[in-house]
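Below: one structure, written as structure tokens.
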Number of protein chains: 2
Amino acid sequence: MTPVSGDPITEERRLPDAAVGRLPVYLRALTALQASGTETVSSDQLADLAGVNAAKVRKDLSHLGSYGTRGVGYAVEQLQFQIARALGLSGDLPVAIVGLGNLGRALAGYRGFAPRGFRVVALFDNDPTLVGEQVGDLLVRHAGDLEQVCADEKVAIGVVTVPVAAAQQATDRLVVAGVRSILNFAGTVVSVPESVSMRQVDLASELQILSYHQQRIATTG
Amino acid sequence: MTPVSGDPITEERRLPDAAVGRLPVYLRALTALQASGTETVSSDQLADLAGVNAAKVRKDLSHLGSYGTRGVGYAVEQLQFQIARALGLSGDLPVAIVGLGNLGRALAGYRGFAPRGFRVVALFDNDPTLVGEQVGDLLVRHAGDLEQVCADEKVAIGVVTVPVAAAQQATDRLVVAGVRSILNFAGTVVSVPESVSMRQVDLASELQILSYHQQRIATTG
DNA sequence: GCATGTGAATAGATTCACAGCG
DNA sequence: CGCTGTGAATCTATTCACATGC
């Protein structure tokens, strides 16, 4: 059911989750291609750069619309633009980091966010001895100010890097502050309302998954 | 009860990838249950704790063998043991971190690895001004010593936290050193031989995926 | 009775293979 | 001719629903 064939740019399809997960990888590759002055790219080349196969690239991109040229490939800049649009990457999205331990500090200083569309605009911690400290070019704010600051700064995404025991509370505060996207590094399950999306990155789990594969090879030849 | 055919403990099934990805979550939940003195757990309870549904828990666990009791549930300690075994978590697996920027340092000091079966045993960097520096209770070694040190320390897993431009080289060095499992934080595709497993964690990609969902909700009600 | 374990049903993702078009 | 875009086929994962057995 197309919502009326009106404004073609508003045509919103629903992308398969698996495809959404790969779009950032394609986008990275396209940015590198653009930097090197390449104007067009085939699904084969892009597949190589992204570490997947060509059929997958074509299927994934076909969900965005028909932006390739048969016999030629995809125009790098156009595709870049379309993927960025599909991902909602309009300008800099404001990010807040909650929890300024080792990991929070590392992320606060991470140079890789800006070129990919994000800007860290606020840092929070519970610990009064950290509040007021300067980290990069931001001051650490008290978690109590979270609601106010997130509203002022129009924070779109919250990154939770607090210890396990504080993760649910930190998340709840972000939700109350109206933040609808949360990236959680705490190794624990956190619940959020339906209306909020959350992704979890658990470093120890990643290592355990690797451990499985290693052991598997070791015991089965 | 007892698996009949052949050595019971060597009975190796192949677990579906999706199940492998969830075992660490179950294991975390079981550890918490054990700490609180709980002796048995039903698939329903475990599902709650893991943030998935009960059918999935039962199907996943059934791949390990039949360790539940009908009408009762699973014995927490036994299940913990079986999952740890399936994941190959025997004692402490030695981990090396390559790249001591912000993120590498954060991981070097991360307290969450030890309780989940890993021990950071070596730190490497290319930068001579960092070599010899003490980080936590380890000294930073030069990347040139990687092969020697990884062999001495029997490193099982390498964590790559170098800048994008150095990621392939750092990975190659680990591979040459015989490390067969690699966790890569650099936002770039890295190739490894068939025999090596690699997992990639790209923080900016995670944020971009969140951005997609947020924008989707915003534009479609 | 109650919760596991599992076949069967469904949904989703990947791959194939080729028609269609520049 | 070469490469995209896509139906069809395959493979994988999830969910259902219930027989099974403590």
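Every number in this text was worked out from the coordinates using simple rules, so none of it is lab data. No experiment lies behind these values; they were computed from the predicted model shown. No Cβ is skipped: glycine too gets one built from the backbone with ideal geometry, and neighbour counts run over all protein chains shown.
Computed values, structure above
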read-out	value
Global geometry of segment A:67-221, whether rounded, prolate or oblate, following the gyration tensor of its Cα atoms and the 1.5 cut on a/c	oblate
Most fluctuating residue given options B:Ala166, B:Ala96, B:Ala204, as computed from a GNM of chain B linking Cα atoms under 10 Å	B:Ala204
Amide H partners (placed H, <5 Å) of A:Val120, local residues excluded	A:Val95
Computed helical MRE - 222 nm, the protein assembly as shown, DSSP H runs ≥ 4 contributing -39500 (n - 2.57), nearest 500	-13000 deg cm²/dmol
Global form of the protein assembly as shown, assessed from the alpha-carbon gyration tensor, a/c cut-off 1.5	rounded
Point-to-point label distance, B:Ser42-B:Leu139, nm (Cα→Cβ direction, 7 Å offset)	5.8
Euclidean distance between Cα centres, segment A:104-174 to segment B:150-221, Å	24
Cβ neighbours within 10 Å from other chains - mean over A:71-77	0
Inter-label distance, nm, simple model (7 Å from Cα along the C-beta direction), A:Lys154/B:Arg58	5.0
Inter-chain shielding of A:94-106 (mean C-beta neighbours from other protein chains, 10 Å cut-off)	3
3J(HN,Hα) from dihedral phi, segment B:154-162, Karplus parametrisation 6.51/-1.76/1.60, rounded to Hz, x for glycine, proline	6, 4, 9, 9, x, 10, 9, 10, 9
Distant-in-sequence amide H partners of A:Val159 (H built 1.01 Å from N, under 5 Å)	A:Ala96, A:Ile97, A:Val98, A:Leu183
Gain upon complete extension [A:Asp127, A:Arg13; 0.36 nm per residue less C-alpha separation]	36.6 nm
Prolate/oblate/rounded call for segment B:16-85, Cα gyration tensor, a/c under 1.5 rounded	rounded
Inter-copy spacing of B:Ala165 label points, which lie 7 Å from Cα along Cα→Cβ, given in nm from shortest upward	4.4
Chain A: DSSP helices with Cα axial extent of at least 18 Å and average Kyte-Doolittle hydropathy no lower than -0.5	A:17-35, A:203-220
7 Å along Cα→Cβ, label-point gaps from B:Gly136 to other copies, nm, shortest first	2.4
Spatially proximal aspartates and glutamates relative to B:Lys59 (Cα-Cα < 20 Å; intrachain offsets below 8 disregarded)	B:Glu11, B:Glu12, B:Asp17, B:Asp44, B:Asp48, B:Glu77
Inter-chain Cβ neighbour average for residues A:58-68, partner chain, 10 Å	0
Inter-copy separations for B:Gly37, label at 7 Å along Cα-Cβ, nm, ascending	7.3
Two-site FRET efficiency, B:Glu147 against A:Val72, from Cβ-Cβ distance with R₀ of 35 Å, rounded to 0.05	0.15
Around B:Arg173: net Lys/Arg minus Asp/Glu count, Cβ-Cβ under 11 Å	-3
